[in-house]
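A.B. asks: Okay, handing you the structure first.
The values are calculated or read from the model by the stated rules, or taken from the named source; none is laboratory data. What you see is a predicted model, and the numbers here were worked out from it, not measured in a lab. Methodologically, a virtual Cβ is constructed for each residue, glycine included, from the backbone with ideal geometry; neighbour enumeration extends over all protein chains shown. Just the protein is used for accessible areas: all its heavy atoms, side chains included, with ligands, DNA and RNA removed. Shrake-Rupley method; radii C 1.70, N 1.55, O 1.52, S 1.80 Å.
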Amino acid sequence: MALYLLDYGAGNVQSLANSLTRLGHAFKWISTPADFDDAAILIFPGVGAFGSAVQSLEARGLREPLRKYIQSGRPFMGICIGMQILFESSTESSHAGLGVIPCPIEEFDSSDKAVPHIGWNTANLVHPTANTAEPLHPVHYYFVHSFCAKYNPEKYPGTAEWVHSTTQYGDELFVSSVRRGNVFGTQFHPEKSGQAGLDLVDAWLRNPEFEFDRTAPRVAPTLQPADGLTKRIVACMDVRANDAGDLVVTKGDQYDVRETSSAAAAGQVRNLGKPVALAARYYAQGADELCLLNITSFRHSPLQDQPMLAVVRAAAECVFVPLTIGGGIKDSVDPDGTPRSALEVAGAYFRAGADKVSIGSEAVYAVERLRAGGSGKGDGTSAIETIARAYGRQAVVVSVDPRRVYVDPETYDGPYKDEVVRGRNGEGWWYQCTVSGGREAREVSVVELARGVEALGAGEILVNSIDRDGTGAGFDLDLLNLVKKNVRVPVIASSGAGSKDHFVQVFRESGVEAGLAAGIFHREQVRIADVKDALKTAGIKVRVA
């Protein structure tokens, strides 16, 4: 049977292609409307914004052929936007969906939780079965979305017969998978859900016409005291060229990546391993996400940086959890004078296999322009705005690099007096943001930056700490709590982890959704499995790989 993938031109479809290659399933790409006639099985892997997906389908003449394919009865699987487009409409856009399922897609309520919904959550079958042909199992799958089909059978009775599983996030139940006849769709990303996701895709492809028994006892979805969302453990790799020109993973102490402890190696770039090998190792050890940050100078010409793009491609071929890429995501000019937009750079990384991009210094400059404009709205040209508009805000991570600025809390009357943190010994400080890897301070506070990037469209904030970086003294809880209480998007804690207990502490004492570490994982001072065991012992939900 001819398996085809539908690429509508946005988001990371390479991840699914890599998954199918790993599973041994040959496939072709839908490139023209005529290709639908040759497809015996079709998968639509969607990542990004609902409106962008619909517009792209229409511009390529693929919308109606897709609708006719689904109506033909041939097997169809939609992933994320590929599932959402089956519904009538989305409050994210004025564009209509295919209308196969009589229900709208709506935004999550952010009053009681972070939005987007990012992380590993459970999908609970409406018709539990012991049939081994059922591809979906009671394990954790990876979700990343701001909009969903809310489970409301009273309001949308016609949707009930489509619901295959539901998931709880905060105090909301939503449809996490649909199945009826030839159609199967998942809100979560199986291609980014580790071995459990690979197993699901493989099981469906081997028996795409499996239909669950609707006469079996139905378990009515109900709200539980707590949802199934886990805390995420992120392994980060700072990648740069060493003095011989080879790409290596390095780690700084308060952002200094050159050796100082060994006379023989003094001044050399600290080499902690090869990026692809480390990425594969952390995936095997159960990391929930991976982050590759390009910190070398050739990020100023990212689209000519073939070695880094090759690293992303190679990592994506062996890693089946989310992959974030940072460094050089900005408007730039190639050495030959060719202008490159941040959106173009991000698109190259997405096509290489990245799922999210991380923006650093450019986010600070964008918030400075936002402040200068006085309207509280961006001008639509920043890297954050352009990428979020095309790929969805969940694809944009902003990485902030603040440091403490000490002041007398009794007399300080500066612009950030409401953000001053008081220490145990009476000292006080506010957090100032920096650019250029911490080398240049800007007159922007961490609260101002966090609020600003959220307004511009960032979907997640990675909070580093120059003061704690490489110290092993633990995460800066004051900093994290300050950021967390001022934004509604998920927050990742970074800098300072020195033991597994520091992860327990940060999740217990702050509201962050994820914890990131680098050096302690690279040097194997702490293993990812040890961190997860400690969290489970402490009663904190984690994914078991």
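A.B. asks: Pick from region 32-58 the residues that are within 29 Å of HIS145 (Cα to Cα) and open to solvent by 90 Å² or more (accessible area, probe 1.4 Å): which of them is farthest from the chain's Cα centre (by Cα)?
C.D. replies: Applying the filter and picking the extreme gives GLU58.
A.B. asks: Could you please let me know if ALA26 is open to solvent by 40 Å² or more (accessible area, probe 1.4 Å) and farther than 19 Å from GLY181 by Cα?
C.D. replies: For ALA26, the condition - open to solvent by 40 Å² or more (accessible area, probe 1.4 Å) and farther than 19 Å from GLY181 by Cα - is met.
A.B. asks: Please indicate, with yes or no, whether at least one residue in region 387-404 is part of a helix (DSSP H, G or I), of a type in the set (Val, Ile, Thr) and either farther than 24 Å from ASP469 by Cβ or under 23 Å from the mean Cα position of the chain (by Cα) (or both).
C.D. replies: Among the residues of region 387-404, at least one is part of a helix (DSSP H, G or I), of a type in the set (Val, Ile, Thr) and either farther than 24 Å from ASP469 by Cβ or under 23 Å from the mean Cα position of the chain (by Cα) (or both), which makes the answer yes.
A.B. asks: Another question, then. Give the residues of region 512-524 that are of a type outside the set (Val, Ile, Thr) and surrounded by 15 or more Cβ atoms within 10 Å (Cβ to Cβ), sorted by residue number.
C.D. replies: Correct list: GLU513, ALA514, GLY515, LEU516, ALA517, ALA518, GLY519, PHE521, HIS522.
A.B. asks: Do any helices (runs of 4 or more DSSP H) lying entirely in region 1-62 carry at least 1 residues that are in contact (Cβ under 8 Å) with a residue 60 or more places away in the chain and of a type outside the set (A, V, I, L, M), and which ones are they?
C.D. replies: 14-23, 50-59
A.B. asks: Any chance region 530-542 includes a residue that's open to solvent by less than 20 Å² (accessible area, probe 1.4 Å) and within 19 Å of the chain's Cα centre (by Cα)?
C.D. replies: There is at least one residue in region 530-542 that is open to solvent by less than 20 Å² (accessible area, probe 1.4 Å) and within 19 Å of the chain's Cα centre (by Cα).
A.B. asks: Just one of (1) at pLDDT below 95; (2) under 30 Å from GLY273 (Cα atoms); (3) open to solvent by 20 Å² or more (accessible area, probe 1.4 Å) trips up SER499, so point out which.
C.D. replies: It fails just one condition, (1).
A.B. asks: Continuing with the same structure: Could you figure out which of (1) closer than 30 Å to TYR282 by Cβ; (2) not in a strand (DSSP E or B) isn't true of ASP109?
C.D. replies: Evaluating ASP109 over (1) closer than 30 Å to TYR282 by Cβ; (2) not in a strand (DSSP E or B) leaves (1) as the failure.
A.B. asks: Test of understanding: among ILE101, ILE85, which residue is open to solvent by less than 40 Å² (accessible area, probe 1.4 Å), under 13 Å from GLN187 (Cβ atoms) and over 25 Å from the mean Cα position of the chain (by Cα)? Explain how you work it out, then say what you get.
C.D. replies: Values: ILE85 fails: over 25 Å from the mean Cα position of the chain (by Cα).
Testing whether each residue is open to solvent by less than 40 Å² (accessible area, probe 1.4 Å), under 13 Å from GLN187 (Cβ atoms) and over 25 Å from the mean Cα position of the chain (by Cα) leaves just ILE101.
A.B. asks: Test of understanding: among SER399, SER445, which residue is under 24 Å from ASN481 (Cβ atoms), open to solvent by 10 Å² or more (accessible area, probe 1.4 Å), in contact (Cβ under 8 Å) with a residue 24 or more places away in the chain and not aromatic (Phe, Trp, Tyr)?
C.D. replies: Just one listed residue meets the conditions, SER399.
A.B. asks: Here's something else I'd like to know. Six or more apart or on different chains, Cβ atoms under 9 Å: show the pairs whose first residue is in region 372-387 and free of Cβ contacts under 8 Å to residues at least 12 places away in the same chain and more than 11 Å from ALA455 (Cα to Cα) and whose second is assigned to a loop (DSSP other than H, G, I, E, B) and open to solvent by 80 Å² or more (accessible area, probe 1.4 Å).
C.D. replies: Cβ pairs passing all conditions: GLY373/ASP379; THR381/ASP331.
A.B. asks: To continue, here is another question. Under the condition of being more than 30 Å from SER19 (Cα to Cα), of a type in the set (A, V, I, L, M, F, W, C) and touching a helix residue (DSSP H, G or I) at 6+ places or on another chain (Cβ under 7 Å), which residue from region 319-369 is surrounded by the fewest Cβ atoms within 10 Å (Cβ to Cβ)?
C.D. replies: Across region 319-369, the extreme among qualifying residues is VAL364.
A.B. asks: Would you confirm whether or not region 39-57 contains a residue that is modelled with pLDDT of 95 or more and more than 17 Å from PHE184 (Cβ to Cβ)?
C.D. replies: There is no residue in region 39-57 that is modelled with pLDDT of 95 or more and more than 17 Å from PHE184 (Cβ to Cβ).
A.B. asks: Can you find, within region 467-478, the residue that is modelled with the lowest pLDDT among those that are crowded, with 21+ Cβ neighbours inside 10 Å and either in contact with a Cys (Cβ under 9 Å, 6 or more places away or on another chain) or not aromatic (Phe, Trp, Tyr) (or both)?
C.D. replies: ASP469
A.B. asks: Continuing with the same structure: Looking at (1) under 26 Å from ASN207 (Cβ atoms); (2) open to solvent by 10 Å² or more (accessible area, probe 1.4 Å), which one does TYR156 not meet, given that it meets all the others?
C.D. replies: Result: TYR156 fails condition (1) only.
A.B. asks: Here's something else I'd like to know. If I go through region 412-425 residue by residue, how many of them are assigned to a loop (DSSP other than H, G, I, E, B) and open to solvent by 50 Å² or more (accessible area, probe 1.4 Å)?
C.D. replies: Qualifying residue count, region 412-425: 5.
A.B. asks: Follow-up question, since we're still on this one. Just to be sure before I move on: is LEU205 surrounded by fewer than 23 Cβ atoms within 10 Å (Cβ to Cβ) and farther than 14 Å from CYS148 by Cβ in the structure I sent?
C.D. replies: So LEU205 passes the test.
A.B. asks: Take THR129 and decide whether it is more than 20 Å from VAL489 (Cα to Cα), of a type in the set (S, T, N, Q), outside any strand (DSSP E or B) and open to solvent by 40 Å² or more (accessible area, probe 1.4 Å).
C.D. replies: When the stated conditions are applied, THR129 passes them.
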